[in-house]
Amino acid sequence: MIHINALTKSFGSFKALDNISLNFAKGRTVSLLGPNGSGKTTLIKSILGLVIPDKGTISINDKQIGNDWQYRSHIGYMPQIGRYPENMTIGQVIKMIKDIRKDNVQYDEELITQLGVDKISSKTMRSLSGGTRQKVSACLAFLFSPGILILDEPTAGLDPLASEILKDKIIQECNKGKLVLITSHILSDLDGITNDVVYLQDGKLIFYKSVDELQHMTSETKLNKMIASVMRNEHTKTADI
Amino acid sequence: MKTIMKYVVADLIRNKVIVVYAIILAVLSFSVLSIDENPAKGLLSLLNVTLLFVPLISILFATIYYFNSIEFIELLLAQPVRRNKVLLAEYAGLTISLSLAYLLGVGLPVMIISPNLAAITLLMSGFLLTLIFTAIALLIFVLFKDKTKGIGAAIAAAMFFTLLFDGLLLIFIYSFNEYPIDKAVLGITAFNPVDLARILMLLQLDVAVLMGYSGALFKKFLGTGTGSVYVVICMLFWVLLPLMLSVRVFRKKDL
């Protein structure tokens with residue numbers, strides 16, 4: 001569904017992405033992991049066309065994204081920080097995005113009701129807490145039931161209840177055959193929803209494995225233990241060399 | 001593009017700064033116009049207010065608004081829309097709101113108290129200045145990554161055009177006063193939109209003494225009619241060039 005080939009991007013002398021090649025198939029939930037500044041957000045933004053790569057190509061549904069913009073109708077994006085025009089109400093923001101994506105008239109408003117966003121739709125964006133803004137961002141990402149969902153730190157700032165609702169939604173959409181890309185630092189939140197793990201460090205791809213493989217390799221059951229164990233092994237390997 | 005613009009305007013007309021800007025302009029205009037019996041003098045005072053405040057407020061407010069909207073612009077760009085449409089919609093929304101504030105704040109009192117051609121010219125120059133300085137703010141936004149640096153650049157640009165430029169022009173005239181530099185000065189004036197706005201207005205009022213050197217030259221060489229057309233064309237270039245440059249730069253900008 002998404003095919004990334006030899007993607008490279010630098011900001012000045014800093015290499016944010018270094019020759020990354022990845023393939024994401026539909027019906028999978030892929031977690032992008034790595035320390036701060038490892039290139040996760042740059043990778044996501046390259047897929048969205050917000051960051052223009054130096055080298056390499058990205059194809060979505062076998063079509064290479066260049067100056068094309070229509071491909072983004074297949075994507076729902078939930079940003080890390082959601083900031084909206086201060087004097088707009090939640091209802092207006094949702095209506096505006098609907099107006100922009102007129103090509104799609106089938107709305108998935110399940111999250112809006114589940115997260116209780118419909119009850120506060122006349123509140124202005126300025127008056128909202130960070131967590132409520134995250135809820136609005138989540139609703140907007142799922143609203144058009146796109147084939148690809150890109151969620152940047154979706155559970156950071158959400159209360160436990162909202163976080164569970166969102167996780168259930170992610171699993172449900174993934175089972176419908178959608179591709180879900182998630183970045184998160186909260187590994188326990190990814191337990192049970194992720195199928196594959198991409199680990200980036202300093203802009204390089206360290207590994208791309210399915211959770212089953214990782215489980216087999218490390219004989220751990222929790223995702224954070226698995227990652228820690230793999231990273232330890234990597235370290236000892238490089239130390240041996 | 002219309003959709004985004006509509007919502008940006010809807011957001012901005014409820015913005016406190018815009019509302020206060022319109023009210024202050026209205027209070028100033030009413031008081032200035034009612035103090036003096038001679039409406040031409042009142043208009044001149046309003047011209048000075050326009051030349052000082054409109055560039056500064058437009059460029060500062062616009063720059064801050066663009067930088068504050070960066071996350072929102074990202075979200076819009078993640079939707080199936082063209083990049084330049086999002087940028088131009090933000091510009092259009094801002095210009096409409098700021099011009100509306102100016103046209104209501106100054107236009108309403110002026111049109112009530114002394115409706116004439118000079119008044120319309122004043123409104124025209126204020127409107128064009130709003131267009132120009134919002135466009136320059138857009139260029140600053142796409143060129144700078146950092147908000148603080150952007151605001152610094154906006155203040156510097158406003159100061160350059162409202163204060164520094166005339167000083168430099170004076171030095172130029174003073175050092176070359178033995179040469180026939182009349183036409184050169186005419187050309188140089190085109191590089192400052194604030195000067196252009198001043199000349200546009202003064203060509204309408206019969207106050208040659210107050211026009212200063214370049215204004216008098218305009219009247220002498222071009223006359224009121226051609227002079228005004230030339231000035232307006234120059235000012236429109238000042239809108240279009242920053243806009244076109246911004247779109248070009250924005251096409252390759254990483255967000």
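Under the condition of being surrounded by fewer than 15 Cβ atoms within 10 Å (Cβ to Cβ) and among the polar types (S, T, N, Q), the residues counted in segment A:158-175 number 2. Is there a residue being farther than 17 Å from A:R28 by Cα and either β-branched (V, I, T) or touching a helix residue (DSSP H, G or I) at 6+ places or on another chain (Cβ under 9 Å) (or both) anywhere in segment A:166-177? No; the residues of segment A:166-177 include none that is farther than 17 Å from A:R28 by Cα and either β-branched (V, I, T) or touching a helix residue (DSSP H, G or I) at 6+ places or on another chain (Cβ under 9 Å) (or both). Taking the conditions (1) more than 16 Å from the chain's Cα centre (by Cα); (2) more than 14 Å from chain A (Cβ to nearest Cβ) in turn, B:L103 satisfies each one other than (1).
Out of the residues in segment A:63-75 that are within 20 Å of the chain's Cα centre (by Cα) and part of a loop (DSSP other than H, G, I, E, B), which is farthest from the other protein chains (Cβ to nearest Cβ)? Per the criteria, the residue is A:I65.
Of everything in segment A:76-95 that is touching a residue at least 60 places away in the same chain (Cβ under 8 Å) and within 7 Å of chain B (Cβ to nearest Cβ), the residue that is farthest from B:I73 (Cα to Cα) is A:Y77. Looking at segment A:7-24, can you tell me whether even one residue there is within 10 Å of another protein chain (Cβ to nearest Cβ), among the hydrophobic types (A, V, I, L, M, F, W, C) and not in a strand (DSSP E or B)? Checking segment A:7-24: not a single residue is within 10 Å of another protein chain (Cβ to nearest Cβ), among the hydrophobic types (A, V, I, L, M, F, W, C) and not in a strand (DSSP E or B).
Here is a yes/no grid of residues against (1) over 18 Å from B:T134 (Cα atoms); (2) without any contact (Cβ under 8 Å) to a residue 60 or more places away in the chain; (3) in contact with a strand residue (DSSP E or B) (Cβ under 9 Å, 6 or more places away or on another chain); (4) not β-branched (V, I, T):
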| residue | (1), (2), (3), (4) |
| --- | --- |
| B:V19 | no, no, no, no |
| B:S34 | yes, no, no, yes |
| B:L43 | yes, no, no, yes |
| B:T50 | no, no, no, no |
| B:F53 | no, yes, no, yes |
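Determine which member of the set A:S129, A:S122 is within 14 Å of another protein chain (Cβ to nearest Cβ) and over 20 Å from the mean Cα position of the chain (by Cα).
Checking each option against the conditions leaves just A:S122.
Taking residues in segment B:95-109 that are in contact (Cβ under 8 Å) with a residue 60 or more places away in the chain, and partners anywhere that are aromatic (F, W, Y), the pairs with Cβ atoms closer than 6 Å and at least 6 places apart or on different chains are B:A101/B:Y21; B:P109/B:F30.
Residues in segment B:172-184 that are surrounded by 10 or more Cβ atoms within 10 Å (Cβ to Cβ) and either without any contact (Cβ under 8 Å) to a residue 40 or more places away in the chain or at positive phi (or both): B:F172, B:S175, B:F176, B:I181, B:D182, B:K183, B:A184.
Read-outs: derived from the displayed coordinates by stated rules, not from any lab. Treat the numbers as computed from the prediction; the structure is a model and nothing was measured. Note: ideal-geometry Cβ built from the backbone for every residue, glycine included; neighbour counts use all protein chains shown.
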